[in-house]
Amino acid sequence: MGTWRDGRTLLEIVVPAYNEADRLPAGLALLCDKLDGLPLRAEVIVVDNASTDGTADVVRGWDGPVPVRLVRCERRGKGAAVRAGLLETRAPYVGFMDADMATDLAALDEAIVLLREGRPVVVGSRRHGRSVVQGYALPIRRLGAITFNRIVRDLVGGIQDTQCGFKFFDGPLGRAAAEELRTVGFSFDVELLAHCVRRGASVTAIPVVWRDRPGSTFSVRRHSLQCLLDLARIRARAGLRMPGVPAAPNIPVAPVRSVPADSKLPEPRPVPVTASEKAPAPSAKTG
């Protein structure tokens, strides 16, 4: 292991969780085992999004190789949970992923390498040419995802997949974008990335291995209309402030680069976030 394992925490990963008592133990075990093998100190923040099952008890009783702490978010919605978690972070690098670990954790190696190289936003993309997608639910859901991403591509730096639950940021940038986040539902990824792009940050899409997991809380029938309404609000808030910032080129990696176990990580190179770019204090109304 590298010498940074005993130093300060360099990476914090947020896991939003709503009634995930059944799936969370397996997901946390996978994530903690992966983080334990990296040559840097990492921590996990599980955000209990007003669950009514034993999600919080799973976290309180967790005993693993990597610190896992619990944050409570009473406002329902994945966007609200991710915002609460990111605002609890202090590390130079931050990110979030889904509790079911649908995205294979091998992608973490490439994400960390790119963050170290100064890429401010690194996201997993199921539409990357080198990605492997297994069992992508119903055809109508896949078609809806493609249409959704075409609608919002200009807001998010041109990336083709905004909804993959695997996103990482330079810490100060991620926290500043989260501070501005007002979308509480499933479209929050678009607004979060849009706030990063507005600050001039490029978005780098990387290939992932993604497996559909049963138990998703997203429903095309129940949530599509709300997603469209959220997109309209995001565009209205953006106004004319959005520059045409292209996405960084997809990184052709074969195989995905890994972080050597004996590597000594350099000091992170943070993306500056000036005072004028920081969000105003959040109002009581965040919807």
* Structure fact -> The answer for Ser51, listing residues at least 5 apart or on another chain whose modeled amide H is closer than 5 Å to its amide H, is Asn19
* To do: Provide, in order from the shortest bin, the percent of all Cα-Cα pairs of region 1-89 in each 10 Å bin, continuing until the bin that contains the maximum pair distance.
  => 18, 49, 27, 6, 0
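Contour minus end-to-end for Arg76 and Thr9, with contour as 0.36 nm per residue of separation and end-to-end as the Cα-Cα distance?
On the way: separation 67, 0.36 × 67 = 24.12 nm, distance 2.87 nm.
Result: 21.2 nm gained on full extension.
Report the extension gain between Asp63 and Arg233 in nm, rounded to one decimal, defined as 0.36 nm multiplied by the number of residues separating them, less their alpha carbon distance.
Working: separation 170, 0.36 × 170 = 61.20 nm, distance 4.17 nm.
Taking 0.36 nm per residue and subtracting the Cα distance, the gain is 57.0 nm.
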* Structure fact -> Rounded to 0.05, the calculated FRET efficiency for the beta carbons of Val132 and Ala21 at R₀ = 35 Å is 0.75
* What do you get when you divide the Cα radius of gyration of region 163-213 by 2.2 N^0.38 Å, with N the number of residues? -> 1.20
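FYI, it's all coordinate maths here, none of it is from the lab. All figures in this text were calculated on a predicted structure; none of them were measured in a lab. Every residue, glycine as well, gets a Cβ built from its backbone with ideal geometry; the counts of neighbours run over all protein chains shown.
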